[in-house]
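Asker: Got a structure for you, written out below as structure tokens; questions coming shortly.
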Amino acid sequence: MALSAPQIPRWFNSVKLRSLINAAQLTKRFTRPGRTLLHGFSAQPQMSPDNCFLQWGFKTYKTSSLWNSSQTTSSSSQENNSAQSTLLPSMNEQSEKTQKIPSFDSEVFLEELDDLPPLSPMQPISEEEAIQIIAAPPLPPSSFTLRDYVDHSETLQKLVLLGVDLSKIEKHPDAANLLLRLDFEEDIKQILLFLKDVGIEDNQLGAFLTKNYAIFSEDLENMKTRVAYLHSKNFSKADVAQMVRKAPFLLNFSVERLDNRLGFFQKELQLSVKKTRDLVVRLPRLLTGSLEPVKENMKVYHLELGFKHNEIQHMITKIPKILTANKRKLTETFDYVHNVMSIPHHIIVKFPQVFNTRLFKVKERHLFLTYLGRAQYDPAKPNYISLDKLVSIPDEIFCEEIAKASVQDFEKFLKTL
């Protein structure tokens with residue numbers, strides 16, 4: 001069926017638009033690094049009849065406007081000839097005209113494709129394409145473990161690489177929810193750099209953050225202010241680093257609380273500024289823990305065990321840990337050492353580490369020395385055995401140097417108890 005002259009431009013315009021859309025869909029289905037694939041793609045070597053017809057159509061479309069604008073005064077025979085020229089060419093005529101028409105520049109063609117709007121996500125696809133789509137599993141709305149979220153959270157992945165034990169953190173629902181809301185670059189990275197400046201090593205970050213995950217909710221400037229306060233109190237950088245490692249929650253406490261704690265120990269124990277500083281450096285959890293055990297133990301040493309204030313002061317500066325020791329352990333150890341072993345107060349004051357030793361170990365060695373007839377703890381008499389050596393040295397040295405017996409004899413004796 002022949003097309004009239006006014007229909008030709010509209011017909012070729014629809015052909016051009018349909019061909020461009022098909023070409024755009026083709027390029028969307030294949031991965032192309034840059035334009036290497038499409039630049040190397042040519043329609044000339046193996047051209048289908050449709051492509052030949054497409055090139056012929058573009059050429060005819062370009063020349064049709066000239067054909068329409070020319071004013072003809074020719075006869076009816078010329079009109080018949082011009083009308084015949086609009087008839088659809090045969091396949092042979094298409095190939096002949098295709099050889100005469102120059103090919104389009106591929107880059108210009110690709111630029112036209114790039115200008116096309118993207119395909120709609122609602123466009124239907126075939127079953128084969130649908131089968132190839134791999135959808136990620138959805139995040140669970142709630143879970144009892146952070147393991148379900150690790151694959152979807154960059155923050156959790158990087159914390160695991162740092163050595164953070166998520167199995168301990170997930171026991172605290174508030175902490176787990178906090179980590180899931182944090183962005184590593186914006187919320188965590190600056191805190192990690194701050195901790196490294198304080199003195200926390202890379203291999204210590206995992207254990208530190210596992211214990212003090214709440215540090216991510218602290219304001220960075222406030223923590224810098226707390227470190228600056230400690231430096232103003234003549235704590236060295238090494239002292240601050242040691243305190244933060246031993247007491248991970250130290251940086252979570254305000255300057256006012258830190259100042260009150262330092263003042264409490266200086267006043268209650270009547271210590272100098274230097275001794276107070278040395279005390280909290282060796283046992284920094286005195287600044288972060290509860291003061292009730294400390295106050296209770298001070299009463300036990302003074303009222304129940306009968307130590308004088310200066311004796312208590314000497315013992316805690318030598319062994320700060322006895323300030324937070326269990327009250328029952330303190331009384332049982334003192335009762336055995338003082339009442340059974342007959343060691344007076346002034347000797348116990350010189351060796352307060354006895355309160356930091358397991359009582360069954362003191363009993364075993366004392367009974368063995370008593371069995372051998374060597375349990376002599378008076379420094380004024382011969383064969384004196386110091387309380388320090390009794391509780392601090394390993395079994396091999398104890399048997400060889402103190403008991404003057406073999407380890408096998410000591411082990412056989414323990415079986416009789």
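The values are calculated or read from the model by the stated rules, or taken from the named source; none is laboratory data. Nothing here was measured: the structure is a model prediction, and the numbers come from that model. With ideal geometry, Cβ positions are generated from the backbone for all residues, glycine too; neighbour counts draw on all protein chains shown. With ligands, DNA and RNA removed, areas are computed over all heavy atoms of the protein, side chains included. Shrake-Rupley method; radii C 1.70, N 1.55, O 1.52, S 1.80 Å.
Asker: Which FRET efficiency value, to the nearest 0.05, is calculated for residue 383 and residue 308 with the Förster distance at 25 angstrom and r the Cβ-Cβ distance?
Answerer: Details: r = 30 Å, r/R0 = 1.19.
Computed FRET efficiency for residue 383 and residue 308: 0.25.
Asker: Scan around residue 165 for amide H atoms under 5 Å from its own, H built in the peptide plane at 1.01 Å from N, and keep only partners 5 or more places away or cross-chain.
Answerer: Residues meeting the amide H criterion: 210.
Asker: Largest first and in whole Å, what are the equivalent-ellipsoid semi-axes of segment 276-351 based on the Cα gyration tensor, each being the root of 5 times an eigenvalue? Before the final figure, lay out the partial values.
Answerer: Values: eigenvalues 98, 37, 21 Å².
Taking √(5λ) for each Cα gyration eigenvalue gives 22, 14, 10 Å.
Asker: Let me ask something else about it. Per residue of segment 165-182, in order, report the coupling 6.51 cos²θ - 1.76 cosθ + 1.60 (Karplus, θ = phi - 60°) as ³J(HN,Hα) in whole Hz, putting x for Gly and Pro.
Answerer: Karplus-based 3J(HN,Hα) across segment 165-182 equals 8, 5, 5, 7, 6, 5, 6, 10, x, 5, 5, 4, 5, 4, 5, 5, 8, 7 Hz.
Asker: Moving on to the next point. Enter the accessible area of residue 378 (Å², nearest 10), with the probe set to 1.4 Å and all protein chains included.
Answerer: For residue 378, solvent-accessible area is about 60 Å².
Asker: Let me spell out the model: positive unit charges on the Cβ of Lys and Arg, negative unit charges on the Cβ of Asp and Glu, origin at the Cα centre of segment 265-362. What dipole size does that give, in debye rounded to 20?
Answerer: Numbers: 17 positive and 8 negative charges, 76 e Å.
Its charge dipole is roughly 360 debye.
Asker: From the Cα trace of segment 171-259, what convex hull volume per residue do you get, rounded to a whole Å³? Write down the numbers at each step before the final one.
Answerer: Working: hull volume 8.7 nm³, N = 89.
Each residue corresponds to 97 Å³ of Cα convex hull volume.
Asker: If contacts are Cα pairs under 8 angstrom and at least 6 residues apart, what is the relative contact order of segment 144-217 in percent? List each step's numbers first, then the result.
Answerer: Numbers: 54 pairs, mean separation 28.9, N = 74.
This gives 39 percent for segment 144-217.
Asker: Give the distance, in whole Å, between the Cα centre of segment 335-387 and the Cα centre of segment 209-259.
Answerer: 41 Å
Asker: Can you compute 3J(HN,Hα) from phi for each residue in segment 259-265, using the Karplus curve 6.51 cos²θ - 1.76 cosθ + 1.60 with θ = phi - 60°, rounded to whole Hz and x for Gly and Pro?
Answerer: Going residue by residue, I get 5, 5, 5, 4, x, 5, 5 Hz, with x marking Gly and Pro.
Asker: Taking the Cα-to-Cβ direction at residue 296 and at residue 157 and moving 7 Å from each Cα, how far apart do the two end points lie in nm?
Answerer: 4.8 nm
Asker: Given the Cα-Cα distance of residue 133 and residue 268 and 0.36 nm per residue of separation, how much length would full extension add, in nm?
Answerer: Details: separation 135, 0.36 × 135 = 48.60 nm, distance 7.16 nm.
Extra length available between residue 133 and residue 268 comes to 41.4 nm.
Asker: For a test of the definition: using alpha carbon positions, the gyration tensor, and the 1.5 limit on a/c, classify segment 144-217 as rounded, prolate or oblate. Working shown, then result.
Answerer: Details: a/c = 1.72, a/b = 1.52, b/c = 1.13.
Here segment 144-217 falls in the prolate category.
Asker: For segment 293-417, build the convex hull from the C-alpha positions and give me its volume per residue in Å³. List each step's numbers first, then the result.
Answerer: Numbers: hull volume 12.7 nm³, N = 125.
Given the Cα convex hull of segment 293-417, per-residue volume reads 102 Å³.
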